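Structure first, commentary second.
We did not get these values from a lab; they are worked out from the coordinates using the rules stated. Keep in mind that what you see is a predicted model, and the values were worked out from it rather than measured. All Cβ positions, even for glycine, are placed from backbone atoms using ideal geometry, and neighbour counts span all protein chains on display.
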Amino acid sequence: MASELWTSLSEDGATEPPKIDTSVAHVARVYDYWLGGKDNFAADREAGDVASRAYPHIFSSVRANRAFLRRTVSYLTAEAGIRQFLDVGTGLPSANNTHEVAQATAPESRIVYVDNDPIVLAHARALLSSHPQGVTGYLDADARDPGKILAEAQRLLDFKQPVAVLLIAILQLVGDSDDPYGLVAELMRAVPSGSYLVISHVPSDMQVRAAGIAEAAAVLSTLMTQRVTPRSREQVTRFFDGLEVLEPGLVPVQDWRPASEEEAAAQAGMWGGVGRKP
Ligand SMILES: C[S@@+](CC[C@H](N)C(=O)[O-])C[C@H]1O[C@@H](n2cnc3c(N)ncnc32)[C@H](O)[C@@H]1O
């Protein structure tokens, strides 16, 4: 099988050039700006700066979130034996993308990336290429349409074998009216026992500078295409209903099995956790 599959088809099956409005901030590019990337525009940097004035730890938070991604994928590949990943809300390519972390341990790992941003799609095509022994695929799909995601992903992933579903820093972009709990439940119903769910989420109740996080989320919601819905630890815990939450539980991302003292000391405002389907 080919080591890459790109599915960026319009409804009539024709490949379209991406439609990109750079005059309005977009979460993937704002996040890229905070991470120190180059794939962002003036509107994204302006929104990123306004938010960072309300919550100055935003820069270290996004780095701590990426470190959480790296540690969880590394754990799942090296210790839990997972070889299939469904990464919903991929983001712009950065350091330690999911397939790089997984395939460093297990080159045969198969990764399906899902995002609905055309710039992410364009960069993913160019940069997220698989190790020859494994597979990477990219789906231009909306997280709020899990039926489409599952139907397309099964072209590359074997849903009879365990799959790690990654929803890292995306669920706060799905409002309550779009049934975020329903979409997570639908994805996890489709995967077998021994599969995993990884979530990180903007908090509404973290002690450290909670007011600043709320203010940053509110201002971003007025400046970006997407709205931000911070959630409490209890609300984020509900995403893991029916799963066994691994130690140390749902914690600030820097407290999830930090690899160094420096990682543990990061100033960050994100809940993070990993659950296993029994
Ligand atoms: C904050 S970034 C996180 C990127 C990456 N998961 C990480 O943690 O580094 C959120 C990503 O989710 C994508 N996204 C937001 N809403 C989405 C939706 N409804 N469907 C698919 N992707 C979405 C954005 O385009 C962006 O790339």
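Points to keep in mind about this one:
- Between Arg53 and Glu247, the FRET efficiency estimated from the beta carbon spacing at R0 = 51 angstrom works out to 0.90.
- Working from the Cα coordinates of the chain, the gyration tensor eigenvalues give, after taking √(5λ), semi-axes of 26, 23, 18 Å in decreasing order.
- Total lysine pairs in the chain at Cα distances under 25 Å, for residues eight or more apart or on different chains: 5.
- Estimated vicinal HN-Hα couplings, Hz - the stretch 26-38 in sequence order (Karplus 6.51, -1.76, 1.60; Gly, Pro = x): 10, 4, 5, 7, 4, 4, 4, 4, 4, 7, x, x, 10
- Estimated FRET transfer efficiency (Arg189, Arg155; beta-carbon r; R0 22 Å; 0.05): 0.70
- Karplus-based coupling profile of the stretch 57-67, in residue order and whole Hz: 7, 4, 5, 6, 5, 5, 5, 5, 5, 5, 5, with θ = phi - 60° in 6.51 cos²θ - 1.76 cosθ + 1.60 and x standing for Gly or Pro.
- Whole-Hz ³J(HN,Hα) from phi, Karplus 6.51 cos²θ - 1.76 cosθ + 1.60, for the stretch 144-153, glycine and proline x: 7, 10, x, x, 5, 4, 5, 4, 6, 5
- The H on the amide N of Gly137, modeled in the peptide plane, is under 5 Å from the matching H of Leu5, Ile111, Val112, Tyr113, each at least 5 residues off or on a different chain.
- Structural size metrics of the stretch 110-235, computed from C-alpha coordinates, are Rg and Dmax of 16.1, 47 Å.
- Cα shape, the stretch 61-120, gyration tensor, a/c 1.5 rule: oblate
- Charged-residue dipole, Cβ positions (Lys, Arg, Asp, Glu), the chain about Cα centre, Debye nearest 20: 420 debye
- Centroid-to-centroid separation of the stretch 178-250 and the stretch 54-74 [C-alpha atoms, Å]: 15 Å
- If you run the Gaussian network model on the chain, springs between alpha carbon atoms under 10 Å, then out of Asp179, Asp241, Asp39 the most flexible one is Asp179.
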